[in-house]
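Worksheet: one structure, shown below.
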Amino acid sequence: MHFIIENVWVTEQLTIAQVYVALLPSYNLRPGQHGTFRLVWTLIRTADPWVLPSLSLAPGKDFILAQNVVIIGSGPAAWTAAIYAARANLNPLVIEGQNIQEHYDRGRPPLGQLALTTEVENYPGFPFGHMQSFLESAIDEKQRYLLTPDPGTDQKYSVTGPNLVLLMKQQALNFGIRVIADDVVDIDTGSRPLKVQAEEGDWHETHAIIVATGASANYLGLESENRYKNKGVSACAVCDGALPRFREKPLVVVGGGDSAVEEADYLSKFASTVYLVHRRDKLRASKIMAQRAEDNPKIDIVWNHVVDEVLGNDQDGVTGVRLDSTADESSHKLDIAGFFLAIGHTPNTEFLKDKLELNEKGYLKWTVPFRTNTSVEGIFAAGDVSDDYYRQAVTAAGTGCMAALDAERWLASQGI
Ligand code: NAP
């Protein structure tokens with residue numbers, strides 16, 4: 001594993017001499033020149049923000065580089081924390097997760113839940129307009145493959161979820177942050193510096209951690225639902241809705257919240273009919289979204305029903321769904337080609353169990369009112385992983401900012 005310190009690539013485990021030699025060019029120094037003493041002194045003191053990340057000394061051994069702050073996540077909370085931490089000269093390391101199909105299947109895509117949404121109309125600063133030229137001017141060419149397709153040069157539209165979070169990532173990258181595309185599987189809070197383990201096996205030492213791992217989309221847990229994943233069952237309309245198998249076909253969306261309405265509305269652009277199956281007789285969605293569902297002629301709301309079974313076969317995938325009434329004993333079948341879930345989320349905190357205090361729903365607890373502190377000193381939480389109430393992109397970004405400021409102040413209080 002390699003790190004960049006002040007734009008110099010160095011290995012994780014180094015002698016002081018190696019770190020010294022690696023850093024010299026960044027400070028325009030040659031060995032022995034006036035100024036190198038300060039560099040050596042900084043390395044030894046380990047606490048001077050002039051060298052970032054700072055170094056922790058294992059007595060009698062090599063130096064192990066410890067990060068100032070590791071940010072875990074890749075949504076609005078993570079990138080906002082990265083922007084603030086970078087601007088505070090903390091040289092953050094972001095571990096953003098792997099970009100693999102399994103994560104999409106589990107409702108946990110890279111770039112977070114925003115990557116699963118369509119147009120975002122309520123993120124301040126992004127009104128309906130001509131987005132494409134702005135996106136192309138702002139986002140580095142290498143990142144643009146993740147952009148959602150341009151609907152047409154003359155068409156005005158709101159920023160999409162994936163594009164919005166890509167802009168956030170680009171903004172953080174512009175400040176020179178370092179990013180590792182791996183999943184964090186464990187943290188060690190038993191010693192200082194803290195340690196974060198990535199799936200590939202590397203442990204990263206760090207003085208502070210910001211957890212911004214968000215939440216994953218829920219599934220019903222039916223065996224038949226699992227059988228037809230990627231064959232007509234999806235928790236992401238925006239990822240899969242435009243596939244030929246769904247075009248001009250009847251589809252089901254399960255759920256009654258904002259996400260369900262948003263997905264149904266999006267799918268109605270491709271589908272012949274979208275059945276919005278909800279277990280009660282009133283939508284949980286906000287008034288404006290509920291009205292949108294009721295006004296859309298292609299959305300048929302199936303009130304007071306739950307899904308008993310997803311029907312299909314190996315060749316065609318999903319062909320139907322059997323619904324049970326919650327109001328009486330009746331059940332009926334609907335012929336459909338696609339089955340989309342929008343029934344809420346579960347926080348991504350499995351790797352933190354027994355390490356940090358969680359609430360009864362598994363969300364990370366903030367232990368100080370109006371601060372992002374968790375139950376372990378030096379670990380902060382931001383975004384949906386610690387929010388089962390607001391769960392908005394803008395609140396995630398806001399708490400990402402708070403976590404970076406909390407981490408910065410905590411590090412300063414520790415002399416780091
Ligand atoms: P949500 O508000 O928690 O809604 C989940 C829906 O799924 C509820 O209607 C719930 O039914 C239903 N549900 C849960 N478990 C179920 C089960 N096992 N079987 C059948 N139905 C089940 O989740 P969300 O819609 O993902 O929204 C999360 C947050 O993001 C909200 O704060 C929302 O406002 C926000 N959001 C905003 C926008 C926007 O503003 N454009 C878009 C998307 C999301 P009950 O109603 O009966 O509990």
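A compact table of results
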{"quantity": "Out of THR346, THR395, THR399, THR367, sole residue that is in a strand (DSSP E or B) and of a type in the set (S, T, N, Q)", "calculated": "THR346"}
{"quantity": "Residue within the stretch 381-388 that is touching an Asp or Glu at 6+ places or on another chain (Cβ under 9 Å) and not small (Gly, Ala, Ser) present", "calculated": "no"}
{"quantity": "Residues of the stretch 226-246 classified as without any contact (Cβ under 8 Å) to a residue 12 or more places away in the chain and within 14 Å of VAL307 (Cβ to Cβ), total", "calculated": "1"}
{"quantity": "Some residue of the stretch 322-339 being among the charged types (D, E, K, R), surrounded by fewer than 16 Cβ atoms within 10 Å (Cβ to Cβ) and either within 12 Å of the ligand (Cβ to nearest atom) or free of Cβ contacts under 8 Å to residues at least 12 places away in the same chain (or both)", "calculated": "yes"}
{"quantity": "Tally, over the stretch 87-121, of residues that are surrounded by fewer than 24 Cβ atoms within 10 Å (Cβ to Cβ) and small (Gly, Ala, Ser)", "calculated": "2"}
{"quantity": "Hits in the stretch 302-321 - residues which are surrounded by 14 or more Cβ atoms within 10 Å (Cβ to Cβ) and more than 15 Å from the ligand (Cβ to nearest atom)", "calculated": "LEU311, GLY312, GLY317, VAL318, THR319, GLY320"}
{"quantity": "Looking only at the stretch 281-301, and only at residues there that are of a type in the set (Val, Ile, Thr) and surrounded by 16 or more Cβ atoms within 10 Å (Cβ to Cβ), the one that is nearest to the ligand (Cβ to nearest atom)", "calculated": "ILE301"}
{"quantity": "Matching entry among ALA217, ALA198 (being within 27 Å of GLU357 (Cα to Cα) and touching an Asp or Glu at 6+ places or on another chain (Cβ under 6 Å))", "calculated": "ALA198"}
{"quantity": "Residues of the stretch 126-166 that turn out to be away from the ligand (no atom under 14 Å from the Cβ), among the small types (Gly, Ala, Ser) and either over 26 Å from ILE72 (Cβ atoms) or under 20 Å from the mean Cα position of the chain (by Cα) (or both), as a count", "calculated": "4"}
{"quantity": "Residue check, LYS249 out of contact with any helix residue (DSSP H, G or I) (no Cβ under 8 Å at 6 or more places or on another chain), touching a residue at least 24 places away in the same chain (Cβ under 8 Å) and within 15 Å of the ligand (Cβ to nearest atom)", "calculated": "no"}
{"quantity": "Candidates ALA77, ALA115 - the one that is under 24 Å from ALA208 (Cα atoms) and assigned to a helix (DSSP H, G or I)", "calculated": "ALA77"}
{"quantity": "Tally, over the stretch 80-104, of residues that are part of a helix (DSSP H, G or I) and closer than 9 Å to ILE177 by Cβ", "calculated": "4"}
{"quantity": "Failed criterion for LEU411 (all others in (1) away from the ligand (no atom under 16 Å from the Cβ); (2) without any contact (Cβ under 8 Å) to a residue 24 or more places away in the chain; (3) of a type outside the set (D, E, K, R); (4) outside any loop (DSSP other than H, G, I, E, B) hold)", "calculated": "(2)"}
{"quantity": "Residues of the stretch 402-416 satisfying the condition of being surrounded by fewer than 17 Cβ atoms within 10 Å (Cβ to Cβ) and of a type outside the set (A, V, I, L, M)", "calculated": "ARG409, SER413, GLN414, GLY415"}
{"quantity": "Long-range neighbours under 8 Å by Cβ, at least six apart or interchain, first residue of a type in the set (Gly, Ala, Ser) within the stretch 272-283, second modelled with pLDDT of 95 or more and buried (at least 17 other Cβ atoms within 10 Å of the Cβ)", "calculated": "SER272/LYS249; SER272/PRO250"}
{"quantity": "Within the stretch 119-233, strands (runs of 3 or more DSSP E) holding 2 or more residues that are touching a Pro at 6+ places or on another chain (Cβ under 8 Å) and within 29 Å of ARG87 (Cβ to Cβ)", "calculated": "203-211"}
{"quantity": "Number of positions in the stretch 269-297 that are out of contact with any Leu (no Cβ under 9 Å at 6 or more places or on another chain) and among the polar types (S, T, N, Q)", "calculated": "3"}
{"quantity": "In the stretch 217-239, residue surrounded by the fewest Cβ atoms within 10 Å (Cβ to Cβ) [restricted to those that are under 19 Å from ALA115 (Cβ atoms) and modelled with pLDDT of 90 or more]", "calculated": "ASN218"}
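The values are calculated or read from the model by the stated rules, or taken from the named source; none is laboratory data. Because the structure is predicted, anything quoted here is derived from the model rather than measured. So basically every Cβ, Gly included, is an ideal-geometry build from the backbone, and we count neighbours across all protein chains shown.
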